[in-house]
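Below: one structure, written as structure tokens.
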């Protein structure tokens, strides 16, 4: 009996998907923005009916996160994202400057390869499909192995709704034979336009090596600075709500807290008051055994657990109402695993004498592993806020808002997104909240508004010589002469 080679089957399926997507891309070029808008509305309404059930399936399959919060994320993307995109144009004529006689035309980029994470499989899949269709692009979803079934289910519902709305065959697809080999084939295929990877770090070297456009969302590992002028109660409340949402698996959540020295006692008291437990060195050692593997990487089984569940596993006695675990530290070091992104309600805390030292600490945290994409500051001092915004090596700075909700565009006016780009990667295609704008190219149209002789001749001859020769030449002769002189200069 022959053994079935899943990798080969996955590679073949990837090639078939790309071929179908390529054909769909050609047909989609004829779709107007209004047609695409109507389809997006139908997709969002259809998937919204299944939002809660998909959240349940995600938690059941992956074991990650909080069911109630996953329902919130799904509803947010199904409703707020389409509302935010409703009056926006991404394809066709985007801007026409009648005075300068120029036109900007949005053009879809072509087949998009989307790879959602196991931590937020349904909301990310829905988001990626909606922005792809809004911008007139076919999309192929490559599921994360740990969330394969729920991602396939989500994509199937969207695909069916798309067909009913008039999308061509092959516009929304999802890999059924899930393997790394198949995903690589999708990313590297000559007809794929862009890879959209959200929170899957092991794929980052692969998309870099592909030498093709890619967008990588995550990891977060972002710090939050509590500055002395802030509303301490509000700042602490924002951090706790943000860091504990979906049990801390959102990459946009605060990962480290930096506190302005003069207010540290008030900050500690407020954290305790609002359900935080401060772990000591011995407890941190036990918690480390739960959170990390022997190689100091995140233990997948600890991801998305509540603070109480983590404490129980680590044999740490905490009050039953505990929401957040905080470990106070003095230094950042490569050997300290608590400095990396931890996808659960655990944060490290540092205390600095003033905002200048806090600034340096935040930079150090942001540069750790080169993965941070968001910084939060709680302050009423606009001068300090401006210094942080201008000088931090980060994609987004959030002010006086929970990082999870501000980053995803719920409590800020940033674009509502489940994929947050990062400048830290250098070769990434985008550093802001990923939207349909990142899935289109701009075609520029410029009308002639000057004669070539009027434009170029002043740079080739002086005014007297040009005037003397003009009497003996026709317009055509003059143009040919200008071009010839330009060629002589270039040679």
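The values are calculated or read from the model by the stated rules, or taken from the named source; none is laboratory data. Note that this is a predicted model, so its numbers are computed, not measured. A quick note on method: Cβ atoms are made from the backbone with ideal geometry, for glycine too, and the neighbour counts reach across all protein chains shown.
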Is at least one residue of the stretch 176-192 without any contact (Cβ under 8 Å) to a residue 60 or more places away in the chain, part of a helix (DSSP H, G or I) and touching a strand residue (DSSP E or B) at 6+ places or on another chain (Cβ under 7 Å)? no
Looking at the stretch 108-131, is at least one residue at pLDDT below 95 and surrounded by fewer than 15 Cβ atoms within 10 Å (Cβ to Cβ)? no
Given the structure, is residue 318 surrounded by fewer than 24 Cβ atoms within 10 Å (Cβ to Cβ), in contact with a strand residue (DSSP E or B) (Cβ under 7 Å, 6 or more places away or on another chain), farther than 30 Å from residue 439 by Cβ and outside the structural domain of residue 113 (by TED's automatic domain parsing)? yes
Residues of the stretch 256-312 classified as farther than 30 Å from residue 356 by Cβ, assigned to a loop (DSSP other than H, G, I, E, B) and in contact with a strand residue (DSSP E or B) (Cβ under 7 Å, 6 or more places away or on another chain), total: 2
Mind listing whichever residues of the stretch 197-213 are crowded, with 23+ Cβ neighbours inside 10 Å and either over 17 Å from the mean Cα position of the chain (by Cα) or over 21 Å from residue 343 (Cα atoms) (or both)? 207
Select from the stretch 25-36 the residues that are part of a helix (DSSP H, G or I) and either under 23 Å from the mean Cα position of the chain (by Cα) or surrounded by fewer than 22 Cβ atoms within 10 Å (Cβ to Cβ) (or both) and list them in ascending order. 26, 27, 33, 34, 35, 36
Anything in the stretch 239-255 that is in a helix (DSSP H, G or I) and closer than 23 Å to residue 357 by Cα? List them, or say none. 239
Would you confirm whether or not the stretch 2-22 contains a residue that is farther than 30 Å from residue 191 by Cα and either surrounded by fewer than 22 Cβ atoms within 10 Å (Cβ to Cβ) or free of Cβ contacts under 8 Å to residues at least 12 places away in the same chain (or both)? yes
Every residue from the stretch 313-349 that is part of a loop (DSSP other than H, G, I, E, B) and under 26 Å from residue 121 (Cα atoms): 323, 340, 341, 342, 343, 344, 345
Residue check, residue 39 against (1) more than 30 Å from residue 444 (Cβ to Cβ); (2) touching a helix residue (DSSP H, G or I) at 6+ places or on another chain (Cβ under 6 Å); (3) buried (at least 18 other Cβ atoms within 10 Å of the Cβ), all met but one. Which one? (1)
Every residue from the stretch 123-158 that is within 26 Å of residue 107 (Cα to Cα) and not in a helix (DSSP H, G or I): 135, 136, 137, 138, 139, 140, 141, 142
Considering only the stretch 159-175, how many residues are within 19 Å of residue 192 (Cβ to Cβ) and part of a helix (DSSP H, G or I)? 1
Can you find even one residue in the stretch 64-87 that is within 30 Å of residue 345 (Cα to Cα), outside any strand (DSSP E or B) and touching a strand residue (DSSP E or B) at 6+ places or on another chain (Cβ under 8 Å)? no
Would you check which residues across the stretch 290-345 are at positive phi and modelled with pLDDT under 85 and list them? 296
When you go through 358, 307, 311 one by one, which is the residue that is under 30 Å from residue 431 (Cβ atoms) and either assigned by TED's automatic domain parsing to the domain that holds residue 70 or crowded, with 20+ Cβ neighbours inside 10 Å (or both)? 358
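Taking the condition of being assigned to a helix (DSSP H, G or I) and surrounded by fewer than 22 Cβ atoms within 10 Å (Cβ to Cβ), how many residues in the stretch 229-238 meet it?
So the count comes out to 4.
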Residue among 226, 279 that alone is surrounded by fewer than 24 Cβ atoms within 10 Å (Cβ to Cβ) and over 24 Å from the mean Cα position of the chain (by Cα): 279
Inspect the stretch 106-124 for any residue being in contact (Cβ under 8 Å) with a residue 60 or more places away in the chain and closer than 17 Å to residue 41 by Cα and give the result as yes or no. yes
Within the stretch 200-214, which residues are touching a helix residue (DSSP H, G or I) at 6+ places or on another chain (Cβ under 8 Å) and in a loop (DSSP other than H, G, I, E, B)? 210, 212
Selection from the stretch 393-413 of residues that are touching a helix residue (DSSP H, G or I) at 6+ places or on another chain (Cβ under 6 Å) and in a loop (DSSP other than H, G, I, E, B): 393, 394, 395, 402, 411, 412
